[in-house]
Amino acid sequence: MRVTRRNFLISGSLSLAAGAFSPLLVEAEKTKPSATTDFRDWESVRREFQLAPEYIHLALFYLASHPRSVRQAIEQYRAKIDANPFVAVDSALFQETDKNIPLEVCRTIANYIGGDAQDIALTQNTTTGLAVVYHGLPLREGDEILTTTHDHYVHHESIRLATGRCGATWRKIPLFDSYSSISPDEIAERIHKAIGPKTRAVGVTWVHSSSGVRLPITRIAEGLTEVNRGREEKDRVLLIVDGVHGLGVEDPKITALGCDAFVAGTHKWMFGPRGTGFAWAKPAVWERMRPMIPTFTSPDIFEAWEQGIEPRTPARGAWFSPGGFQAYEHYWALPAAVCFHQNIGPSRVSARIHELSGQMKEGLARMPHVELYTPRDENLSAGIVCFDVKGMKPEEVVKRLLDQRVVASTTPYRVSYARVACSIVNTPGEVDTVLRAIRELA
């Protein structure tokens, strides 16, 4: 179906807009890193960022700095919108499918994660994505959502708010008793055993921001497949994953993990434009769900509204992209961040982060005054490393490190730890410097 302005939001002719701004996407696609960028050289990659050079940055997973190509793409789109807001935005949103920028953004994400553009909903962040998914579930009174004690506030709140509106319930379970004895098999088995006859969804986090633990999502999914084998489709248990701290670190083909829905912001490990993210779900999952916010990206919904009827087509990802006016220059520049990762190579990115994280964990584990919580096994961790300095509050640890130009953070949970996270902008030498600073805290 053509995504035209005539059959969607605004009546009138787009002939001028199409002629004047059809190169809009093409210009953004031409945005490139510096001509001197060597993606095989980590120092060259680091120079693509405008990070303060006097600091060691170990908290970019909180909110990323934009590399040069992303900054340029944002600026190009911003200039086009400032020059002619109506023509720039209208022509980009309501052009034919092959020239529609939101659809192109979805295609880029889908290519990166190994999915289909029709199964992508564009969101502002992980929080919005989780709300879109949980509030879209066809929950009934008496249904249950199972989650864990390790998940973030926004994950728990999305579940609480969604279940509270329909008489459903939710329950939290621990996945392990001690950070020193975490087993992938035990994690999967605990979830499997906790699923009850009324359980309709299991919500987990791929990489815990509370501890740095990475869950064995594929094993968990295999357990749910066994549970669902004897269930009717309406009673099937869905696996919903908050994947924000795995995306941009681990293998990007998240559709192969086995989950039913995956949510992530792209302004953390992906170095994407701030205020961007997405939700992916299997087509059959989207079809079961109902949107909570009107969208601007599905003309079939608008046409149904015009005719005063319910939409006739099955729900799909685009129905769940929140509508309204957005920071378009940021959304449209997201492909530049994906391209940046692909130029480096996702496998090289993953290997580099694991190498630096391994160096950090090994160094911390050798310090008698430090308690390391993140598993040293790289199959159970990613880029976040959490620890305590004995006799010192996490806030004091972070403050003392900042005094030495090391940017760390604390985990925002009831039990808080100090936290560092190495990314592709860091070096082994910086890790040694940080370890020396932590050693001196004794």
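The values are calculated or read from the model by the stated rules, or taken from the named source; none is laboratory data. Predicted, not measured: the structure shown is a model, and the values here were computed from it. A quick note on method: Cβ atoms are made from the backbone with ideal geometry, for glycine too, and the neighbour counts reach across all protein chains shown. When the accessible area is computed, the model is the full protein with side chains, heavy atoms only, and any ligands, DNA or RNA have been set aside. Shrake-Rupley method; radii C 1.70, N 1.55, O 1.52, S 1.80 Å.
Values computed for the structure shown
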{"item": "So residue 279, is it hydrophobic (A, V, I, L, M, F, W, C) and either outside any loop (DSSP other than H, G, I, E, B) or within 20 Å of the chain's Cα centre (by Cα) (or both)", "result": "yes"}
{"item": "Positions within the stretch 377-391 being of a type in the set (D, E, K, R) and either open to solvent by 90 Å² or more (accessible area, probe 1.4 Å) or farther than 26 Å from residue 424 by Cβ (or both), in sequence order", "result": "378, 388, 390"}
{"item": "Residue ID - modelled with the lowest pLDDT, chosen from residues in the stretch 316-332 that are assigned to a helix (DSSP H, G or I) and of a type in the set (Gly, Ala, Ser)", "result": "318"}
{"item": "Of all residues making up the stretch 174-187, the number that are open to solvent by 20 Å² or more (accessible area, probe 1.4 Å) and closer than 17 Å to residue 224 by Cα", "result": "3"}
{"item": "Residue match in the stretch 315-322 (condition: within 24 Å of residue 201 (Cβ to Cβ) and open to solvent by 50 Å² or more (accessible area, probe 1.4 Å))", "result": "yes"}
{"item": "Any hit, the stretch 340-347, residues being open to solvent by less than 60 Å² (accessible area, probe 1.4 Å), on the phi > 0 side of the Ramachandran plot and at pLDDT 95 or above", "result": "yes"}
{"item": "In the stretch 423-442, the residues that are over 28 Å from residue 341 (Cβ atoms), outside any loop (DSSP other than H, G, I, E, B) and without any contact (Cβ under 8 Å) to a residue 40 or more places away in the chain", "result": "436, 437"}
{"item": "Members of the stretch 397-442 found to be of a type in the set (Val, Ile, Thr), open to solvent by 20 Å² or more (accessible area, probe 1.4 Å) and closer than 20 Å to residue 151 by Cα, listed by number", "result": "410, 415"}
{"item": "Failed item, numbered, when residue 345 is tested on (1) touching a strand residue (DSSP E or B) at 6+ places or on another chain (Cβ under 7 Å); (2) in contact (Cβ under 8 Å) with a residue 24 or more places away in the chain", "result": "(1)"}
{"item": "From 64, 73, 59, residue being among the hydrophobic types (A, V, I, L, M, F, W, C), at pLDDT 50 or above, open to solvent by less than 30 Å² (accessible area, probe 1.4 Å) and in contact with a strand residue (DSSP E or B) (Cβ under 7 Å, 6 or more places away or on another chain)", "result": "59"}
{"item": "Residue 394 vs. criteria of a type outside the set (D, E, K, R), more than 30 Å from residue 47 (Cβ to Cβ) and surrounded by fewer than 22 Cβ atoms within 10 Å (Cβ to Cβ)", "result": "yes"}
{"item": "The stretch 383-404: number of residues that are closer than 17 Å to residue 61 by Cα and not aliphatic (A, V, I, L, M)", "result": "3"}
{"item": "Flag for residue 309 being open to solvent by 20 Å² or more (accessible area, probe 1.4 Å), closer than 30 Å to residue 80 by Cα and either at pLDDT 95 or above or assigned to a loop (DSSP other than H, G, I, E, B) (or both)", "result": "no"}
{"item": "Residue under evaluation residue 154, criteria (1) under 29 Å from residue 377 (Cβ atoms); (2) open to solvent by less than 60 Å² (accessible area, probe 1.4 Å); (3) assigned to a strand (DSSP E or B), criterion not met", "result": "(3)"}
{"item": "Failed item, numbered, when residue 70 is tested on (1) of a type in the set (Val, Ile, Thr); (2) free of Cβ contacts under 8 Å to residues at least 60 places away in the same chain; (3) in a helix (DSSP H, G or I)", "result": "(2)"}
{"item": "Total residues in the stretch 111-143, condition under 15 Å from residue 160 (Cα atoms), open to solvent by less than 20 Å² (accessible area, probe 1.4 Å) and polar (S, T, N, Q)", "result": "0"}
{"item": "Flag for residue 374 being surrounded by fewer than 20 Cβ atoms within 10 Å (Cβ to Cβ) and of a type outside the set (A, V, I, L, M, F, W, C)", "result": "no"}
